[in-house]
Every structure is written in C-alpha cells, then in structure tokens.
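> First, the structure itself, so that you have it in front of you.
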Amino acid sequence: MNNIGIFYGSTTGTTEDIARRIAGIWGLSETQIHDASTLTPALAESYNILILGTSTWGSGELQDDWYEGVKILKKTDLSHTSIALFGCGDSDSYADTFCDGIGILYEELKETGCQFIGMTPTDAYTFDTSIAVVDNSFVGLPLDEVNEYGKTDERLAHWVEQLKAEIS
Ligand SMILES: Cc1cc2nc3c(=O)[nH]c(=O)nc-3n(C[C@H](O)[C@H](O)[C@H](O)COP(=O)(O)O)c2cc1C
C-alpha cells in the first residue's frame, strides 16, 4: 500500500501553500503534510512515497529548511522509496537559476537509491537555465507563482495524475 508524505521548505509560504494544494487534489490528510524542518529518519521511513517541495533563494540556492533535511534524508534508508520533487521559483527575475532548488534536492538524494518520479517536460516553461533540468526534462514539477500563477492549477492537476499513474 502506498503511504504518501509531503514535506515542504518555504520561506514566505508559497511552497507550503502548494504542498496543501497537492494534498487537496490527492485527498491526503493534514497529518501527511510536514514542514521540512520537522523531518526525522523515522518520519521519512514511515512513508514509501515522499513528495518534497522547495523554493529557490539567493542565486540558485536551496530553501533554508532543507539544509538539515537533506542531511537527515541521506541517513535514511530510501532504497524502497519513490520521491517526487516540486518547487517554486521565478522564471523571469531568476531565469538563469529557475527552480534550481529542485535540482539541488535531486543531486543530493540521487545516491540514496530512491526512485525519482514526476519528471516534467521543459516545453511549457520560459527560462534560460536551471540545474533542475536533467536529460532535457525537469526532475520534478517547477511552479512559478510570481509570473505564471494562472497555470498552477492545471500543472498541479496534471502532475498528480502523472504521479498516480507512475506509482500504480
Ligand atoms: C532574494 C530572492 C532570491 C530568489 N532567488 C531565486 C532563484 O535563484 N531562482 C528562482 O527560481 N526563484 C528565486 N526566487 C523566487 C522565489 O523562489 C519565489 O518567490 C518562491 O515562490 C518563494 O517561495 P516560498 O515562499 O515558499 O519560499 C527568489 C526570490 C527572492 C526574493
């Protein structure tokens, strides 16, 4: 049986809001949504599907709460865990580092043996560079609540359906 946990790192509340919207679309309960700063190995291991969200700050940096969270996840047995990454960024003002935080989580976690799900084609986005792009796809779902908030509902609905299909 799939047990899904959502963890978010969010400075001004945008990524937290998206985490709640994903839970709403999927029909997950409040208890399945966690701030990344509350992560423990036992909590992570209680889920076989982790949906991890981060915004990007500075110039292509991970959201603050994930620095410790990444260390914890690296100490966790993720060999039977599927991980879906999402992130919030600004593709206009930060076109060279658009949603780099997603790429940082991917790079940090890829040696853990987890399986990544929820890749997204880059076609529908306007940006210059992002380390979240690997083999021509984003390694998760990028969202831009600054410039493209009108596209978010559809992107989320599509992504949740994609995840459901990938884990079935
Ligand atoms: C000082 C600053 C730096 C930022 N740097 C980036 C960046 O490098 N790449 C990016 O895609 N977005 C960047 N952003 C945009 C934020 O990631 C975006 O506003 C996001 O929605 C914030 O989400 P949060 O409230 O969950 O932290 C930056 C925003 C600010 C104010």
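> Give all pairs with beta carbons closer than 7 Å in which a residue from region 12-40 that is without any contact (Cβ under 8 Å) to a residue 24 or more places away in the chain meets a residue that is assigned to a helix (DSSP H, G or I); count only pairs at least 6 apart in sequence or on separate chains.
Taking only residues 6 or more apart or on different chains, the pairs are A23/Q32.
> What is the number of the single condition among (1) within 11 Å of the ligand (Cβ to nearest atom); (2) out of contact with any helix residue (DSSP H, G or I) (no Cβ under 6 Å at 6 or more places or on another chain); (3) charged (D, E, K, R) that K151 does not meet?
Of the numbered conditions (1) within 11 Å of the ligand (Cβ to nearest atom); (2) out of contact with any helix residue (DSSP H, G or I) (no Cβ under 6 Å at 6 or more places or on another chain); (3) charged (D, E, K, R), the odd one out for K151 is (1).
> Restricted to region 68-115, and to residues that are within 14 Å of the ligand (Cβ to nearest atom), open to solvent by 80 Å² or more (accessible area, probe 1.4 Å) and acidic (D, E), which residue is farthest from R21 (Cα to Cα)?
D96
> Between a residue in region 126-155 that is over 18 Å from A84 (Cβ atoms) and touching a residue at least 24 places away in the same chain (Cβ under 8 Å) and any residue that is crowded, with 19+ Cβ neighbours inside 10 Å and hydrophobic (A, V, I, L, M, F, W, C), which pairs come within a Cβ distance under 6 Å, given they are 6 or more apart or on different chains?
F127/F98; E145/C88
> Has region 47-57 got any residue that is within 11 Å of the ligand (Cβ to nearest atom), surrounded by 18 or more Cβ atoms within 10 Å (Cβ to Cβ), in a loop (DSSP other than H, G, I, E, B) and modelled with pLDDT of 95 or more?
no
> Moving to a separate point now. Do we have I6 as in a helix (DSSP H, G or I), buried (at least 22 other Cβ atoms within 10 Å of the Cβ) and modelled with pLDDT of 95 or more here?
Against the criterion (in a helix (DSSP H, G or I), buried (at least 22 other Cβ atoms within 10 Å of the Cβ) and modelled with pLDDT of 95 or more), I6 does not qualify.
> Another one. Being surrounded by 15 or more Cβ atoms within 10 Å (Cβ to Cβ) and of a type in the set (K, R) is the filter here; which residues of region 118-168 pass it?
Result: R155, single match.
> Name the single residue, out of those in region 1-39 being within 17 Å of E166 (Cβ to Cβ) and out of contact with any strand residue (DSSP E or B) (no Cβ under 8 Å at 6 or more places or on another chain), that is nearest to the ligand (Cβ to nearest atom).
Going through region 1-39, the residues within 17 Å of E166 (Cβ to Cβ) turn out to be 1-6, 22, 25-26, 28.
With out of contact with any strand residue (DSSP E or B) (no Cβ under 8 Å at 6 or more places or on another chain) added as a condition, the list becomes 1, 25.
On the way: M1: 30, I25: 18 Å.
Once the filter is applied, the top-ranked residue is I25.
The values are calculated or read from the model by the stated rules, or taken from the named source; none is laboratory data. Predicted, not measured: the structure shown is a model, and the values here were computed from it. Cβ coordinates were reconstructed from backbone atoms using ideal geometry, including for glycine residues, and neighbour counts include every protein chain displayed. Surface areas here come from the heavy atoms of the whole protein model, side chains and all, with no ligands, DNA or RNA. Shrake-Rupley method; radii C 1.70, N 1.55, O 1.52, S 1.80 Å.
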